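Following: one structure in structure tokens, then a few remarks.
The values are calculated or read from the model by the stated rules, or taken from the named source; none is laboratory data. In this text, all values refer to a predicted model and were calculated from it rather than measured experimentally. Glycine also receives a Cβ, built like all others from the backbone with ideal geometry; neighbour counts cover every protein chain displayed. For the accessible areas, the whole protein counts, side chains as well, though only heavy atoms, and no ligand, DNA or RNA atoms are used. Shrake-Rupley method; radii C 1.70, N 1.55, O 1.52, S 1.80 Å.
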Amino acid sequence: DVEIPYGVGWVLILDTEAARNGIGLFRDLAYASRERLVGHLDRLTADGETADSALAAAACHEEYPNALWSAIALLRWGHMVGDAGAVDTATIRADAMIDAVRRHGFDDSAWPRRGFYSPVHLAVLLAADLGRDDAADLAGSIARDELLTATDMTTVHSAGLNFSRAWGVHAAWRILGDPAARETFASLVLGHAAMTDRWRDEYARYGHWVPQFGIFAIAESYRGQ
């Protein structure tokens, strides 16, 4: 159950990409996923855990139900298919989540690196998708991130961090218009792509999921084109 918000978020991303190309094959699955994510965010709100969930990245299994990822997936899908309820659900909860990350601090090195998400990068991506002009401080904090090396990636899940951090850095470029952020994005994607043992090899550990993170990062550079 703990992996459901994460997985159905990817279902909405899949349907969003398909819809962009006129493919409706996954729509019924997307509607079921929408209900799961709306219910997930509603429960977090009812339990007063929305902000805490946005910060969850300290241990591998805490990332799967991350509220930031749920909101990003819902927001993008809602805009693509014209589902105002999905957009509203994500937007209403965004302030609490982004503010929780801001209160925690911006220093990327302070976030645990055992997992595949950094909350500050997801917060910047959500802020950029919402067009929040007040997120320049968050964006600036990650605009010059450095590539994590093989020795920095101490767990299987941390092999996804360079790519998922790249999502946020590209969003930082969207917010700031700073060429340095665009160069950082490229260095994170290309640098990790060169570490083939952390995405192409060992299917059971890396190959079944890390490339998906990389493709999502690359696809960000085509948004709006």
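Each residue of the stretch 196-210 was assigned a 3J(HN,Hα) from its phi angle through the Karplus curve 6.51 cos²θ - 1.76 cosθ + 1.60 (θ = phi - 60°); the sequence is 4, 6, 9, 8, 8, 8, 6, 3, 5, 8, 10, x, 8, 8, 4 Hz, with glycine and proline shown as x. Please identify which residues in the stretch 1-38 have an amide N closer than 16 Å to a label point set 7 Å out from the Cα of Q212, following the Cα→Cβ vector. What the label zone holds, given the 16 Å backbone N cut-off, is 1-18, 26, 29-30, 33-34, 37.
Can you give the translational diffusion coefficient of the stretch 100-225 in µm²/s, computed by Stokes-Einstein from the Kirkwood radius over Cα pairs at 37 °C and 0.692 mPa s? All intermediate terms of the calculation are to be shown ahead of the outcome.
Numbers: Rh = 14.4 Å.
Result for D is 228 µm²/s.
Could you rank the peptides 44-53, 182-191 by their average count of other C-beta atoms within 10 Å per residue, with the highest value first?
Values: 44-53: 16.1, 182-191: 18.7.
Peptide ranking by packing, descending: 182-191, 44-53.
Solvent-accessible area per residue in the chain equals 44 Å², computed with a 1.4 angstrom probe and all protein chains kept. Dipole of the chain computed with +1 at Lys/Arg Cβ and -1 at Asp/Glu Cβ about the Cα centre; of V38, L14, T50, farthest Cα towards the positive end is L14. Taking the protein heavy atoms of the stretch 41-94 in the context of the full set of protein chains, the accessible area attributed to carbon and sulfur is 55 percent at 1.4 Å. Per-residue ellipticity at 222 nm computed for the chain from its helices equals -20000 deg cm²/dmol, with DSSP H segments shorter than 4 residues left out and the rest contributing -39,500 (n - 2.57).
Rounded to the nearest 0.05, what FRET efficiency is calculated for D152 and H79 with R0 set to 30 Å and r the Cβ-Cβ distance?
Working: r = 35 Å, r/R0 = 1.16.
Taking R0 as 30 Å, the efficiency between D152 and H79 is 0.30.
The packing ranking, built from the mean of other Cβ atoms within 10 Å per residue, places the peptides 15-22, 200-207 in the order 15-22, 200-207, highest first.
The order of the peptides 151-162, 25-36 by mean Cβ neighbours within 10 Å, most packed first, is 151-162, 25-36.
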